[in-house]
Amino acid sequence: MIGKLNHVAIAVPDIADASSTYKNILGAEVSGQIEQPEHGVKIVFIKLPNTKIELISPLNDNSPIRKFLEKNPKGGIHHLCYEVECINLAIQKLSENNYKILEPGIPKIGAHGKPIIFLHPSNFNGTLIELQQK
Ligand code: CO
C-alpha cells in the first residue's frame, strides 16, 4: 500500500538561512515562507525532481517543533512522509496490528490539503512517519 516518498521534513532553527542555502548554494527551487498556525509551524517547500524537502520551524512557543530543536539545536530530520492510496485502509491495517497512531481518530488535513496521520517512531526504527493520502 505504500507509494512515493512525498517529502522529507527537516526541522531548522533559522528558516531564512536554511532556505537560502538550498536556493543559493544548491540551486533548488524554493517557495516563500508559509505560516501554518493550526500546526504551530512555518514551512518552506523545496522542490526536487523526485520528491520534496520541507523546512519546518516553530511559529510560536507551544509549537511541536520547539522541543525537537531543543534536543537538536542545529536542526535535524523530523519525519518522512509516504503516500498511500487510502488513508482509512492504512489506519485499519495499522490499528489491527497494534501500531501506534499519534492523535488517533479522524485523519487531519496536512500542509498539502490532504488527509494525513503520524505514526509513532517506536514502531518505525526511531523515525516519525507521516502517511498522506495520494
Ligand atoms: Co510532513
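Looking across E130, E96, E85, E103, one residue alone is loosely packed, with under 12 Cβ neighbours inside 10 Å and within 16 Å of the ligand (Cβ to nearest atom). It is E103.
Condition check ((1) more than 19 Å from I116 (Cβ to Cβ); (2) within 16 Å of the ligand (Cβ to nearest atom)) across all residues:
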| site | (1), (2) |
| --- | --- |
| D17 | yes, no |
| A28 | yes, no |
| G32 | yes, no |
| K52 | no, yes |
| G76 | yes, yes |
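Filtering the range 106-127 to residues that are open to solvent by 70 Å² or more (accessible area, probe 1.4 Å) and either within 14 Å of the ligand (Cβ to nearest atom) or within 17 Å of E54 (Cα to Cα) (or both) leaves K108, I109, K114.
Checking the range 71-93 against the condition returns a match, with at least one residue being touching a residue at least 24 places away in the same chain (Cβ under 8 Å), assigned to a helix (DSSP H, G or I) and among the basic types (K, R).
The values are calculated or read from the model by the stated rules, or taken from the named source; none is laboratory data. Model, not experiment: these values are computed from the prediction. Cβ coordinates were reconstructed from backbone atoms using ideal geometry, including for glycine residues, and neighbour counts include every protein chain displayed. For accessibility, only protein heavy atoms count, side chains too; no ligands or nucleic acids. Shrake-Rupley method; radii C 1.70, N 1.55, O 1.52, S 1.80 Å.
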